[in-house]
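Asker: Below you'll find the structure I mean.
The values are calculated or read from the model by the stated rules, or taken from the named source; none is laboratory data. Since the structure is predicted, the reported quantities are computational estimates derived from the model, not experimental observations. Counting neighbours? That spans all protein chains shown, and the Cβs are built from the backbone with ideal geometry, glycine included. The accessibility values were calculated without ligands, DNA or RNA, using every heavy atom of the protein model including side chains. Shrake-Rupley method; radii C 1.70, N 1.55, O 1.52, S 1.80 Å.
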Amino acid sequence: MTVARIERLSGALAEARPLREVALYELVRVGARGLLGEVIRVDGDRAVIQVYEDTMGLCVGEAVSPTGAPLEVMLGPGLLGSVVDGVGRPLQRLADATGDFIRPGTAVDTLDPDRKWAFTPLVASGQRVSAGDVLGTVEERPGFVHRILVPPGTDGAVERIRRGEFRVTEAMARLAGGRDLFLSHRWSVRNPRPIARRLSSRRPFLTGQRVCDFLFPAAEGGAVAVPGGFGTGKTVIEQSLARHAAADVVVYVGCGERGNEMAEVLEEFPRLTDPRSGRSLMDRTVLVVNTSNMPVVAREASVYVGIAIAEYYRDQGYRVALMADSLSRWAEALREIAARLQEMPGEEGYPTYLGNRLGKFYERAGLVRALGEPSREGAVTLISAISPPGGDFSEPVTQASLRVAGALWALDPALAHQRQFPAVDWEVSYSLEAGALTPWFAEHVGPDWAACRSRTLELLQRERELREIAGLVGPEALQDGDRLLLEAARIVRETVLAQSAYDPNDANSPPDKTYRLARLADALRSTALAALDAGATFESLNLAAAGAALAAVRRAAATDLDARTAEAEAAVAALAVPPGQAGQVTP
Amino acid sequence: MLLPRRYRGAHAAAGPLLYVRPTPNAALGEWVTIRVPGQPDRRGQVIDAGADVSVVQVLEDTLGLAPATADVTLTGEAATAVVGRELLGRVLTGVGQPADGLPPPVGEAVRPIWAAPLNAVRRERPRDFIETGVSAIDGMNTLVRGQKLPVFSGPGLPGLELAAQIVEGARAPRGEAFAVVFVGIGITARETDMFLERFERSGARERSVLYLNETRDPTIERLLAPRVALAQAEFLAFEAGMHVLVVIADVTHYCEALREIATAREEIPGRRGYPGYLYTDLAGIFERAGIVRDRSGSLTQIPIVTMPDDDITHPIPDLTGYITEGQLVLSRDLHRRGVYPPIDVLPSLSRLMGAGIGADRTRAGHREWADQLYATYARGREARLMATIVGVASLPEADRRALDFAERFERELVGQGETRRDIDETFAMGWRLLDALPREDLTRIPEAVWAARHQETS
């Protein structure tokens, strides 16, 4: 057979021939150094290849060899706690192989080939198994049970299965007919993993961020779009969620983002503990890293590697959160490749299939019944950051995301400039799930959660109208009732919605604390309004003291929370004292 | 390595591009020399390699270049730069040739200018405070070693002056001076002179190396200049163990050169005609800032971006802001009112500030102090806007206080002029401004910080 050779090189693209037999999306090795590439167009015996690694120095005439398989990731124990690049290579072992700087053409497997795992079988010889059945378990991290599944598309009677220590590439079971089963299997990342069926979600995805959980809750298995211009705190939100969100596994895809931010995550996560399991946060985290200076084609692949890993843990019956930061960089990679292929551009130069691809990606999120026995429910919740150019949400990536996302947390530069963090704009953001989640909050947190939420939203809406009026006539010209609403709204913004990612007591707000603060702010407003009705004046109300008491609840440590709450309740109740005495409370 | 291949005559030429054929073994990125009798040698780089035809991007002006008579050699070598400590004190062109009348530097090593990306697991998290001597930076938008913090300037605003001031005033935690790599991209001779003269005066010259591509120099050279400079900076930082500040002025000129090439190649343009890969390309420059684990140096970048028409949503500042770790935004309004440096702290941001401040670094309560100044200033700015509509007299008392505060904040804390302020002076200044306000206005200062501060001053 004739060896295929490079005929043309332009940026990340290579053309080679003769390659008559290759399939679309088949992986190939390009050039003498064996750079990883993927076939994206076949025309007669000529193939166009997008190369995942830096093409500088590649030479026309160098050989290209097909591998016969698409881009796959190896799924099995050892993923948790690892950091992989956009095509699934662990960065630590890349560093061991090539040093501080990444040299193209290095081949390393996702999973450590030498590590041995203690496997405990759950099925016996002679039993029939089919795709998705749990064959047995491995303790992947202390206390974390990794379920070894029959790979999709496989079934048969178990001929033999052994307990013992195995490497990921050693067979621990064999099916009748001779097919070996391993602790790991490969999966083509662009294909969604099969499931039994989708379930509709009635449980919230708790983020620990009050403005999200309280005002715009996401459902477990839902998809949230988080667009925001630079400096609005997208990455801070994504990282806060990765730390505090109620999930068994977090897959964080740093897609085209900053290396120093990744260094921060890598330094902090191993030291932080997951409050629910008591283990290191890194024990539940998989990082997929393609920093903005790494090759652009691998950036396009990185989100698929991330979601394939997320789906794999979902299939084991876990609740997985996938943070994609940011999908705009993914879309831009798509655009860059499309432009090199001279494809006819659509809106803003993005290829016309952008919406389609994006939609398919979002649809891989969901709450599902997994394939196989015993019966398992798992979820992938997708939180995708979007970086709209100039902060303008009318651009295609934001718009295409809004068509498929269940909630929008829109980040607003004006709020960020006021240091109102998280800078989630309550006027633009929404949640399509809020209604469906109401029963859960009523049952598990507080019966009037939904009522309190709608009163709060109404207050914030009223504040906006009042601010417009105040902008015309001056705030002093407003009536007392309206001035009170402005003040109450300010307290809601500063104590309920604002949250500091840097204050250890405030960074994570469990639903109970969120509810306490929201109710206190709600009571503050209604008590003060009632006092006005009873004849008090706006000036006579000691709102500052009540506001400070609420701020103290916000900053309280968990052990202190009850005491601070009681003080705040007293401060709010004190607003109701008759006006004659109220005037003398503070100088 | 490939051997040189020589062509008598190129196939075609268009703008800065030269087409050579046939090229059955051209390498992507390889260096090209172009000789035309009676003209100085030109250099170029293969930017599109094909068995049939390859595209060479010519660095120098192509005026008078007749493709048929050109003697083109594909050298088989990648673009490299001579690097080393002995380059400190030198002035070089955008591609590293002498511009100071001295012989070419021998250097300590030759390095490719296209760097391989730093493996994220080998990055050290930046956290060492750099005292720049500028209050609006040290106090409000703290710079740390290994950060990339651009200055968003506008035509006629003193972005370059601020960069020079930072370079002169920068002190690391243990007082180490920085080596400076300055790369001028498409800047004017006047700007060059300003920079040189200030460096001469402040004694920064002997710890600096300057790469200058001025407005009159070849456009395409602008694409190489930052990479040549960064190869030198990386050598100083990661091999010679020095702390290096890289000033890149002006990123806007770089982007325009990139657009010029993209247009010449008939690529599909993105926003405002800039190529769709502008983000990736800029990231290849900015992401070279950082600290490598187990190596002692650091590379900090201060790129200067001139926002066309002061528009922060223009693709260049927009994409830069998405890559860099914050931005220092200059304000025309402050500049008009004679405030120097005219840093508008509201849209400015240092993303790595959190790691660089606090008890062991700057001082305890820094975060709360900065948050309070920021919040009150923001309120004062809002009140200023309101006052233009309803008049100062009808503002609530607290808004009037914030308004007065904003005036003083701009004049006294931000508008420090050319004088250098150490961090203690910056803190004292901030507290003085806050002292004019009643305690209940200071909602961002918790009791503990308040008490500690008063213990200290009493």
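Asker: I'm told B:Glu256 meets every condition in (1) open to solvent by 10 Å² or more (accessible area, probe 1.4 Å); (2) within 26 Å of B:Leu299 (Cβ to Cβ); (3) touching a Leu at 6+ places or on another chain (Cβ under 8 Å) except one. Can you identify the failing condition by its number?
Answerer: Looking at each condition in turn, B:Glu256 falls short on (3).
Asker: Additional query: Consider B:Pro104 against the criteria (1) of a type outside the set (S, T, N, Q); (2) within 14 Å of chain A (Cβ to nearest Cβ); (3) without any contact (Cβ under 8 Å) to a residue 40 or more places away in the chain; (4) in contact with a Pro (Cβ under 9 Å, 6 or more places away or on another chain): it satisfies all of them except one. Which criterion is unmet?
Answerer: Unmet for B:Pro104, out of (1) of a type outside the set (S, T, N, Q); (2) within 14 Å of chain A (Cβ to nearest Cβ); (3) without any contact (Cβ under 8 Å) to a residue 40 or more places away in the chain; (4) in contact with a Pro (Cβ under 9 Å, 6 or more places away or on another chain): (2).
Asker: Let me ask something else. Among the residues of segment B:40-56, what is the count of those that are within 14 Å of another protein chain (Cβ to nearest Cβ), within 12 Å of B:Leu18 (Cα to Cα) and open to solvent by 10 Å² or more (accessible area, probe 1.4 Å)?
Answerer: Total satisfying the criteria: 4.
Asker: Going by what's in this entry, would A:Arg271 be described as open to solvent by 10 Å² or more (accessible area, probe 1.4 Å) and part of a helix (DSSP H, G or I)?
Answerer: It is false that A:Arg271 is open to solvent by 10 Å² or more (accessible area, probe 1.4 Å) and part of a helix (DSSP H, G or I).
Asker: Residues in segment B:290-313 that are at the interface with chain A (Cβ under 9 Å from one of its Cβ atoms) and either open to solvent by less than 10 Å² (accessible area, probe 1.4 Å) or assigned to a helix (DSSP H, G or I) (or both): how many?
Answerer: 2
Asker: Let me ask something else. All but one of (1) within 11 Å of chain A (Cβ to nearest Cβ); (2) surrounded by 20 or more Cβ atoms within 10 Å (Cβ to Cβ) hold for B:Val32; which doesn't?
Answerer: (1)
Asker: I need every pair where a residue in segment B:61-79 that is without any contact (Cβ under 8 Å) to a residue 24 or more places away in the chain and outside the structural domain of B:His11 (by TED's automatic domain parsing) has its Cβ under 6 Å from the Cβ of a residue that is β-branched (Val, Ile, Thr) and assigned to a strand (DSSP E or B), sequence separation at least 6 or different chains.
Answerer: So the pair list comes out empty.
Asker: Further question on the same structure: Output the residues belonging to segment B:70-101 that are within 14 Å of chain A (Cβ to nearest Cβ), assigned to a strand (DSSP E or B) and aliphatic (A, V, I, L, M).
Answerer: Within segment B:70-101, B:Leu74, B:Ala78 qualify.
Asker: Also: Taking segment B:390-419 only, how many residues are buried (at least 21 other Cβ atoms within 10 Å of the Cβ), within 33 Å of the chain's Cα centre (by Cα) and hydrophobic (A, V, I, L, M, F, W, C)?
Answerer: 4
Asker: If I ask for residues that are away from chain B (no Cβ under 14 Å) and either touching a His at 6+ places or on another chain (Cβ under 8 Å) or β-branched (Val, Ile, Thr) (or both), which ones from segment A:88-112 would you list?
Answerer: Hit for segment A:88-112 is A:Thr110, nothing else.
Asker: Look at B:Ala387 and say whether it is open to solvent by 10 Å² or more (accessible area, probe 1.4 Å) and out of contact with any helix residue (DSSP H, G or I) (no Cβ under 7 Å at 6 or more places or on another chain).
Answerer: So B:Ala387 fails the test.
Every residue, every condition in (1) without any contact (Cβ under 8 Å) to a residue 60 or more places away in the chain; (2) at positive phi; (3) of a type in the set (Gly, Ala, Ser), yes or no:
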{"site": "B:Gly290", "(1), (2), (3)": "no, yes, yes"}
{"site": "B:Ser298", "(1), (2), (3)": "no, no, yes"}
{"site": "B:Ile323", "(1), (2), (3)": "no, no, no"}
{"site": "B:Gln327", "(1), (2), (3)": "no, no, no"}
{"site": "B:Asp333", "(1), (2), (3)": "yes, no, no"}
{"site": "B:Asp371", "(1), (2), (3)": "no, no, no"}
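Asker: So in segment B:420-455, with the set limited to residues that are small (Gly, Ala, Ser) and part of a helix (DSSP H, G or I), which one is farthest from the chain's Cα centre (by Cα)?
Answerer: B:Ala451
One line per residue, one yes/no per condition, for (1) touching a residue at least 12 places away in the same chain (Cβ under 8 Å); (2) touching a Pro at 6+ places or on another chain (Cβ under 8 Å):
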{"residue": "A:Val404", "(1), (2)": "yes, no"}
{"residue": "A:Leu411", "(1), (2)": "yes, yes"}
{"residue": "A:Ala414", "(1), (2)": "no, no"}
{"residue": "A:Thr438", "(1), (2)": "yes, no"}
{"residue": "A:Val445", "(1), (2)": "yes, yes"}
{"residue": "A:Leu457", "(1), (2)": "yes, no"}
{"residue": "A:Glu463", "(1), (2)": "yes, no"}
{"residue": "A:Gly471", "(1), (2)": "no, no"}
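Asker: Also, I was wondering about something else. Can you find even one residue in segment A:62-74 that is open to solvent by less than 60 Å² (accessible area, probe 1.4 Å), of a type outside the set (Gly, Ala, Ser), facing chain B (nearest Cβ under 10 Å) and over 26 Å from the mean Cα position of the chain (by Cα)?
Answerer: Checked segment A:62-74: at least one residue is open to solvent by less than 60 Å² (accessible area, probe 1.4 Å), of a type outside the set (Gly, Ala, Ser), facing chain B (nearest Cβ under 10 Å) and over 26 Å from the mean Cα position of the chain (by Cα).
Asker: In segment A:415-429, what residues are open to solvent by less than 60 Å² (accessible area, probe 1.4 Å) and facing chain B (nearest Cβ under 10 Å)?
Answerer: A:Ala416, A:Arg419, A:Gln420
Asker: Which ranges mark the helices (runs of 4 or more DSSP H) fully within segment A:296-405 that have 1 or more residues being under 18 Å from the mean Cα position of the chain (by Cα), within 14 Å of chain B (Cβ to nearest Cβ) and aromatic (Phe, Trp, Tyr)?
Answerer: A:327-340
Asker: Are there any helices (runs of 4 or more DSSP H) wholly within segment B:131-226 with 1 or more residues that are assigned by TED's automatic domain parsing to the domain that holds B:Asp310, buried (at least 18 other Cβ atoms within 10 Å of the Cβ) and modelled with pLDDT under 95, and if so which?
Answerer: Output list reads B:159-169, B:189-202.
Asker: Among (1) in contact with a strand residue (DSSP E or B) (Cβ under 7 Å, 6 or more places away or on another chain); (2) within 14 Å of chain B (Cβ to nearest Cβ); (3) of a type outside the set (S, T, N, Q), which single condition is A:Leu241 missing?
Answerer: (2)
Asker: Going through segment B:325-364 one residue at a time, which ones are within 23 Å of B:Arg381 (Cβ to Cβ), of a type in the set (A, V, I, L, M, F, W, C) and at the interface with another protein chain (Cβ under 8 Å from one of its Cβ atoms)?
Answerer: B:Leu346, B:Leu349
Asker: Can you pull out every residue in segment B:314-324 that is assigned to a loop (DSSP other than H, G, I, E, B) and either surrounded by 24 or more Cβ atoms within 10 Å (Cβ to Cβ) or more than 10 Å from every other protein chain (Cβ to nearest Cβ) (or both)?
Answerer: Passing the criteria: only B:Thr324.
Asker: Quick one: in segment B:106-121, of everything that is in a loop (DSSP other than H, G, I, E, B) and out of contact with any Phe, Trp or Tyr (no Cβ under 8 Å at 6 or more places or on another chain), which residue is surrounded by the most Cβ atoms within 10 Å (Cβ to Cβ)?
Answerer: If we take residues in segment B:106-121 being in a loop (DSSP other than H, G, I, E, B) and out of contact with any Phe, Trp or Tyr (no Cβ under 8 Å at 6 or more places or on another chain), then B:Ile113 is surrounded by the most Cβ atoms within 10 Å (Cβ to Cβ).
Asker: Tell me which residues, restricted to segment B:259-273, are within 22 Å of A:Pro351 (Cβ to Cβ), among the hydrophobic types (A, V, I, L, M, F, W, C) and part of a helix (DSSP H, G or I).
Answerer: Result: B:Ala262, single match.
Asker: If we scan segment B:371-379, do we find a residue that is open to solvent by 20 Å² or more (accessible area, probe 1.4 Å) and charged (D, E, K, R)?
Answerer: Yes.
Asker: Need at least 3 residues that are in contact (Cβ under 8 Å) with a residue 12 or more places away in the chain and more than 13 Å from chain B (Cβ to nearest Cβ) per element, so show me which strands (runs of 3 or more DSSP E) inside segment A:1-54 make the cut, counting only ones lying wholly within it.
Answerer: Per the criteria, A:26-30, A:35-43, A:46-51.
Asker: Could I ask something else about it? How do the strands (runs of 3 or more DSSP E) wholly within segment A:132-194 filter down when requiring 2 or more residues that are closer than 25 Å to A:Ala247 by Cβ: which remain?
Answerer: The qualifying strands (runs of 3 or more DSSP E) are A:134-141, A:144-149, A:185-188.
Asker: Condition (residue is open to solvent by 10 Å² or more (accessible area, probe 1.4 Å) and among the polar types (S, T, N, Q)) applied to segment B:276-289: is it met by at least one residue?
Answerer: Checked segment B:276-289: at least one residue is open to solvent by 10 Å² or more (accessible area, probe 1.4 Å) and among the polar types (S, T, N, Q).
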